[in-house]
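These notes are about the structure you will find just below.
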Amino acid sequence: MSLFKARDWWSTILGEKEEFDQGCLCVADVDNSGSGQDKIIVGSYMGYLRIFNPYAVKPGDGVQPEDLLLEVQLREPILQVEVGKFVSGTEGLHLAVLHCRKLCVYAVSGTLGNVEHGNQYQIKLMYEHNLQRTACNMTYGPFGGVKGRDLICIQSMDGMLMFFEQESYAFGRFLPGFLLPGPLTYSSRTDSFITVSSSRQVESYKYQVLAFATDADERQETEQQKLSPGKRLAVDWVLNIGEQALDICVVSFNQAVSSVFVLGERNFYCLKDNGQIRFMKKLDYSPSCFIPYCSVKEGTINTLVGNHSKMLNVYQDITLKWATQLPHIPVSVKVANLQDLKGVIVSLSDNGHLQCSYLGTDPSLFQAPRVDSREINYEEFDAEMKELQKIIKEATKTQDILPKSEKHRDLIVTAEVSPDMDAESQAIDSEVKAEAVPSVTVKITIQSRVTAQKPNLAVCVQAPLAVTCDQFVFDDLEPDSSETMVLSVFLKGNCSPSELEGNCVVSYNTPTGILKVAQCNFRLPLRLVCFPTQPSKAANHKLTIDTNKPPISFLTVFPDFVDLSEDDHANVLGFQFLTGSKTTLLASKTSQRYRIQSDQLEDLWLITKELMLRLEEHFKKQNCEDFACTFSGSIPLQEYFELIDRHFELRLNAEKFQELLSERAVQFRAIERRLLTRFKDKTPAPLQHLDTLLEGTFREV
């Protein structure tokens, strides 16, 4: 039994698929029984009004038929219910029900029953007010210091405060700078109304100022209103809290001290009567409702704050005294006296879960059964402990933490690149201006050890390279089955790629619904983007690579680019890119250096990277692990920046020509409309050189 869980004393579920909100709950002695026991009044957006008098024989009992005193459908959504002295000529409590376009005040009374069914309760309509504006919420109190009765103030959705002196309508006032309605309450100590505006400010308005302000029956001021003796509505004090408020409550348990509590979206404020902050508490959760109540400690106030984590926190000023778990998210919480129990927590959720609970624990009557005593065999326990420790040690080894090897994976994808170019090129829609654009075949195989559901293969290569098909979708793969796909890669864009590597990714679902991914990389041949040519002696850009090993003959490193019949290519090679540029690679005969040179700076990288990869593979086959490549020259930043400036200039020119094209297109369409109008005219007029202007604009376009 958890100590931090609300103990269910009485609970029930209200209706089916009904909705409730902050103002739908109220606790009071609405039938004027004089017993000091509160009744629970609940109204729903479906128009149902219910009054409960909970009576639990033992904690946790469900609702009994006699607990429901009254249930009636009012046919209109109930926005808020309040209990007060709303009828003139009597100080008895009456029930005020706020609808969207109506305010109704009822008298709740009971008749003693002569049979076991109990007492009978009914409501009687005392009076009602039809509202000209859609209501949002209401508050009540002895406005203006009246004695023995309560007046009602209703806030409309468009920011008008409508005041009712019981059976009669008094006046209405618009709040200045209104955008959206906020919480509203009345402070009897200062005779003022407190709300939170859309500017995220707490604002206070004196009732006397509201009463003598300019009449707000019309939104726009007329000349007669401007000349009337009324005053413009002025705010008493303002406090900027920087967030929207969920609720406002004024408490005055001690006549010497009155406090205004404001519950924000992330903070909880306690203000003085003049708007100064008495204290505030920053909340680390999202609150949903709150209610201040009297504290047993002098000079402090306790507050219940509910949040969206189904928790109810108890604060004494800013100190958290208790936290309890609720079975639902409360939208409204009250403290009531029920069945001689003082301080019962009444909470209501948005779907109609009404619960009366208390804090603490109940004594547990459970006793653990006795177990048969037996002798302990320590030798068996030691053997079992050693076996478990051995299993734990094997499970925590490094090789088990690392990814599984290829042969133990559920699905394996492999890619095999053909060593030769395709006899017949598969290039489609290529922008390369070369005579022939080669392509190379890539064979991809998927092997599955388990059932792979809905496998999807994606093949990615670096632009401007392209593939003939980059997406494959398969049916479910059975265990120990495989699928093979064949595709071709070619150079599509008229520029050199930054790398010659591709990637295959297979995504699939396991029978248990887990999404998994398998992938592999493949490397494309250099012959895909260039072919051998005669080396060039002169070049604008040169790059020298130093190594720690003697130079290797190009017959070994680049066998696919060297003609065996010519010995001159042992230390020098020429590469002709499909885009038209040429790059030369030279190996020093005396030093451990290689030189890459070209007329274009961007063409150096691909040959340099290919040289480094092939040298590393060569020395790796020779079991040489200390091979290294270094560059000791200056980084060609100036040439690099010139390329960036050139690219930027081309982008600016492209935007300029785009704007010019748009202007000429607009001009061309305007001339067409003018010509069409001339041609449709029954009395043709001269063209006034419109045909010449049309032809000139067309040429410019």
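Couple of notes before you dig in:
- Selection count where residues are within 51 Å of the chain's Cα centre (by Cα) and either modelled with pLDDT of 90 or more or acidic (Asp, Glu) (or both), scope region 667-684: 1
- Residue in region 158-181 that is in the same structural domain as LYS85 (by TED's automatic domain parsing), more than 25 Å from ARG101 (Cβ to Cβ) and modelled with pLDDT of 90 or more present: no
- Criterion (of a type in the set (A, V, I, L, M) and under 46 Å from the mean Cα position of the chain (by Cα)) met by exactly one of LEU611, LEU604, LEU652, LEU615: LEU652
- The residues of region 530-548 include none that are closer than 18 Å to SER425 by Cα and in contact with a Ser or Thr (Cβ under 6 Å, 6 or more places away or on another chain).
- Test for THR544: is it in contact (Cβ under 8 Å) with a residue 60 or more places away in the chain, farther than 15 Å from ILE444 by Cβ, assigned by TED's automatic domain parsing to the domain that holds LEU613 and in contact with a strand residue (DSSP E or B) (Cβ under 9 Å, 6 or more places away or on another chain): yes
- Residue, farthest from the chain's Cα centre (by Cα), within region 511-525, restricted to residues that are at pLDDT 90 or above, aliphatic (A, V, I, L, M) and not in a loop (DSSP other than H, G, I, E, B): ALA518
- Take the conditions (1) over 25 Å from the mean Cα position of the chain (by Cα); (2) not in a strand (DSSP E or B); HIS328 misses just one of them, which is (1).
- Matching residues, region 91-115, being small (Gly, Ala, Ser) and surrounded by fewer than 21 Cβ atoms within 10 Å (Cβ to Cβ): GLY92, ALA107, SER109, GLY110, GLY113
- Condition check for LEU604: within 30 Å of PRO525 (Cα to Cα), of a type outside the set (S, T, N, Q) and either in contact with a Lys or Arg (Cβ under 8 Å, 6 or more places away or on another chain) or outside any loop (DSSP other than H, G, I, E, B) (or both): yes
- Extreme residue, modelled with the highest pLDDT, among residues of region 9-39 that are within 12 Å of HIS353 (Cα to Cα) and not in a loop (DSSP other than H, G, I, E, B): LEU25
- LYS147 passes every criterion in (1) farther than 24 Å from ILE41 by Cβ; (2) outside any loop (DSSP other than H, G, I, E, B) apart from (2).
- Listed conditions (1) outside any helix (DSSP H, G or I); (2) free of Cβ contacts under 8 Å to residues at least 40 places away in the same chain; (3) surrounded by 13 or more Cβ atoms within 10 Å (Cβ to Cβ) are all met by GLN597, apart from (2).
- Hits in region 488-510 - residues which are in contact with a strand residue (DSSP E or B) (Cβ under 7 Å, 6 or more places away or on another chain) and in a loop (DSSP other than H, G, I, E, B): LYS492, SER496, PRO497, LEU500, THR510
- Of all residues in region 180-218 being touching a helix residue (DSSP H, G or I) at 6+ places or on another chain (Cβ under 6 Å) and surrounded by fewer than 18 Cβ atoms within 10 Å (Cβ to Cβ), the one that is nearest to PHE290 (Cα to Cα): ASP191
- Meets criteria (buried (at least 17 other Cβ atoms within 10 Å of the Cβ), over 26 Å from HIS328 (Cβ atoms) and not hydrophobic (A, V, I, L, M, F, W, C)) for SER252: no
- For GLY159: the one exception among (1) within 19 Å of PRO77 (Cα to Cα); (2) within 42 Å of the chain's Cα centre (by Cα): (1)
- Among the candidates VAL42, VAL72, residue that is in a strand (DSSP E or B), assigned by TED's automatic domain parsing to the domain that holds LEU103 and in contact (Cβ under 8 Å) with a residue 60 or more places away in the chain: VAL42
- The residue list GLY144, GLY159, GLY177 contains one member that is at positive phi and in contact with a helix residue (DSSP H, G or I) (Cβ under 8 Å, 6 or more places away or on another chain), which is GLY144.
- Counted residues, region 165-197 - those being touching a residue at least 40 places away in the same chain (Cβ under 8 Å) and part of a loop (DSSP other than H, G, I, E, B): 11
- Residue list for region 282-310, filter: basic (Lys, Arg) and either farther than 13 Å from GLU265 by Cβ or modelled with pLDDT under 90 (or both): LYS297, LYS310
- Between VAL450, VAL442, the distinction of being more than 21 Å from ASN521 (Cβ to Cβ) and either of a type in the set (Val, Ile, Thr) or in a strand (DSSP E or B) (or both) belongs to VAL450 only.
- Meets criteria (surrounded by fewer than 16 Cβ atoms within 10 Å (Cβ to Cβ), small (Gly, Ala, Ser), assigned by TED's automatic domain parsing to the domain that holds GLU128 and touching a strand residue (DSSP E or B) at 6+ places or on another chain (Cβ under 9 Å)) for SER88: yes
- Residue list for region 392-435, filter: in a loop (DSSP other than H, G, I, E, B), at pLDDT 85 or above and of a type in the set (A, V, I, L, M, F, W, C): MET421, ALA423, ALA427, ILE428, VAL432
- Single match in LEU74, LEU14, LEU69 (criterion: buried (at least 20 other Cβ atoms within 10 Å of the Cβ), in contact with a Leu (Cβ under 7 Å, 6 or more places away or on another chain) and of a type in the set (A, V, I, L, M)): LEU14
The values are calculated or read from the model by the stated rules, or taken from the named source; none is laboratory data. Everything numeric in this text was worked out from a predicted model, so none of it was measured. FYI the Cβ positions are ideal-geometry reconstructions off the backbone, even for glycines, and counts take in every protein chain you see.
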